[in-house]
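The values are calculated or read from the model by the stated rules, or taken from the named source; none is laboratory data. These numbers were taken from a predicted model, which means no experiment stands behind them. Positions of Cβ are backbone-derived with ideal geometry, glycine not excepted, and every protein chain shown enters the neighbour counts.
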Amino acid sequence: MPSFHRASQVTASDRLDRALRDALRVVDGWLDYQRQFHRVPGLSAAMVHGDRVIFERGYGHAIADGRRKRRVAAATRYRIASISKVFTATAVMQLVERGLVRLDEYARHYLPWIQPRTSAAPEPITIRQLLSHTAGVERDGSDHWASDRFPTIEDLKVRARNGLAVFAPLERWKYSNIGYAILGQVVAAASGQPYEDCVRTAIIDPLQLRHTGFALTRDVLGALAVGYGRESPGRARPSFRHPDTNVLRAAAGLVSNAGDLCAFMAAQFPGSGRLLTDLSKREMQRAQWSRNDDGQYGLGYNLWRVDGREIVGHGGGFPGFATAIGMDTERRIGVAVLTNAIDGPAVPLMTGVFKTIHDCLARNGSPLPSSRVGVTLRRFEGRYLGRWGDLELVTVGGRLVGYDPRADRPLQLASELEARGPGRFQIVRGPGGGHVGEMVTFDVNTRGVPAGLRWGPNPMRRVNRSSTD
């Protein structure tokens, strides 16, 4: 009866805290393996819950070139690319709150050089349309992603004289870096200071984002990961220079790290009392338009669902970098994943972290195991390599769980083990095509540390994660 009473007193907050602790134990090994499996040079990941960063890890190399190799550190910075758009949208909404910008005002009200009409777009464009990518404005305007010569404000004005729109406003959803370049100039015109200074004084400095900014100084470049090209058969990944994005800074110009992005997301949670009113946050984070694919777009935010729960955030792609942030604002959880490869799976990995949280919540309905049991199980945790595949063992919800680290959802087909004697466990749950019901026997050395195991009939050896890098 007492144990039942204790179990009944476990609150939703307690369950979430336990699930987050378990999820972080799972994703630590999973992210490390996924980085190596996809041959990504370096990866940083972090998670915030409420106003506290509860996870921050680096994996692999910020510089992966021969003798110059340098491992990813907490301070390693990345070109965060289009995550910059969330900063720009936040700056616009701050000006809306000050009465200096109106969402449904025409852009030409702030920038007279914006052409009022073109044959493709007979109606002028508004600030809301630019924020939601519904203004019909061309995506990039030139080949700067290949040439590393990004347009200046003068280039943008020249293009504007010829008309920037290819669709009429609200005709369809069309992603546009040029649209956010225009918004950067709106911020400058309405605030009376350069766009970069406005973002720094209104967002970066108040949140003390010490690793975030636009300037590519020597110190910044020293902490910035090298960006690498895509993986191609028969050749090494090329590396890229770090060009200045000029007028596209408002669309893709920021440099940051995972910890700073968590602090930024924490400020974006409704109820945080920072950056914006909750009304403005809700306006940014609600759907303004359904995209051509499965998601929706707000004001500076993508919106999509993971296991039925709404996630708001943004991905970013830059020569040499792929990045992503996502927030479950109801549970006040934010996840950042940054990679220094143009084909780094940042969005799938970020989504996989949320799926792992959900799976851990589903497993955390039972009473907490004793701390002695947890310590005993954890000595069996780790990475095991075998002929038929690899295995990660981790304690989840008081049970030893084994999962395939190649999976994009690590716990979906995981196996659960129950102790049957010293160094012996039975697989009590797992996929029917595997070894469910069979035994797992550990090869334990004299110090009680497993050197390997036999999963059913299959031998596997334990390795240190660093040795597989």
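Of the residues making up segment 309-330, those that are outside any strand (DSSP E or B) and more than 21 Å from Ala62 (Cβ to Cβ) are Thr329, Glu330. Among the residues of segment 63-82 satisfying the criterion of being part of a helix (DSSP H, G or I) and of a type outside the set (D, E, K, R), which is farthest from Gly253 (Cα to Cα)? For segment 63-82, the residue satisfying everything is Gly66. Would you check if Ala190 is assigned to a loop (DSSP other than H, G, I, E, B), farther than 28 Å from Lys69 by Cβ and outside the structural domain of Pro41 (by TED's automatic domain parsing)? No; evaluated as a whole, the condition is false for this residue.
Among the residues of segment 242-269, those identified as more than 14 Å from the chain's Cα centre (by Cα) and assigned to a loop (DSSP other than H, G, I, E, B) are His242, Pro243, Asp244, Thr245, Gly253, Leu254, Phe269. Taken over segment 316-326, the criterion of being within 19 Å of Leu24 (Cα to Cα) and either surrounded by fewer than 24 Cβ atoms within 10 Å (Cβ to Cβ) or not aliphatic (A, V, I, L, M) (or both) is satisfied by Gly326 alone.
Does segment 412-420 contain any residue that is touching a Ser or Thr at 6+ places or on another chain (Cβ under 9 Å) and either hydroxyl-bearing (Ser, Thr, Tyr) or not in a strand (DSSP E or B) (or both)?
Narrowing segment 412-420 to residues touching a Ser or Thr at 6+ places or on another chain (Cβ under 9 Å): 419.
Still in the list and also either hydroxyl-bearing (Ser, Thr, Tyr) or not in a strand (DSSP E or B) (or both): none.
No; the residues of segment 412-420 include none that is touching a Ser or Thr at 6+ places or on another chain (Cβ under 9 Å) and either hydroxyl-bearing (Ser, Thr, Tyr) or not in a strand (DSSP E or B) (or both).
Annotation: Tyr59 fulfils all but one of (1) within 30 Å of Arg15 (Cβ to Cβ); (2) touching a residue at least 60 places away in the same chain (Cβ under 8 Å); the unmet one is (2). I'd like to check something: does segment 331-347 contain any residue that is under 18 Å from Arg282 (Cα atoms), part of a strand (DSSP E or B) and assigned by TED's automatic domain parsing to the domain that holds Arg35? Looking for residues that are under 18 Å from Arg282 (Cα atoms), part of a strand (DSSP E or B) and assigned by TED's automatic domain parsing to the domain that holds Arg35, one finds at least one in segment 331-347, hence yes. None of Arg117, Arg108, Arg98, Arg139 is within 20 Å of Leu170 (Cα to Cα), more than 30 Å from the chain's Cα centre (by Cα) and at pLDDT 90 or above except Arg108. Given the structure, is Arg454 in contact with a strand residue (DSSP E or B) (Cβ under 9 Å, 6 or more places away or on another chain) and either loosely packed, with under 13 Cβ neighbours inside 10 Å or assigned by TED's automatic domain parsing to the domain that holds Arg399 (or both)? Taking the combined requirement at face value, the residue satisfies it. Would you mind stating whether Ala45 is under 19 Å from Thr323 (Cβ atoms), touching a Lys or Arg at 6+ places or on another chain (Cβ under 9 Å), in a strand (DSSP E or B) and touching a residue at least 12 places away in the same chain (Cβ under 8 Å)? Yes, satisfied.
For segment 219-237, residues that are hydroxyl-bearing (Ser, Thr, Tyr) and modelled with pLDDT of 90 or more total 1.
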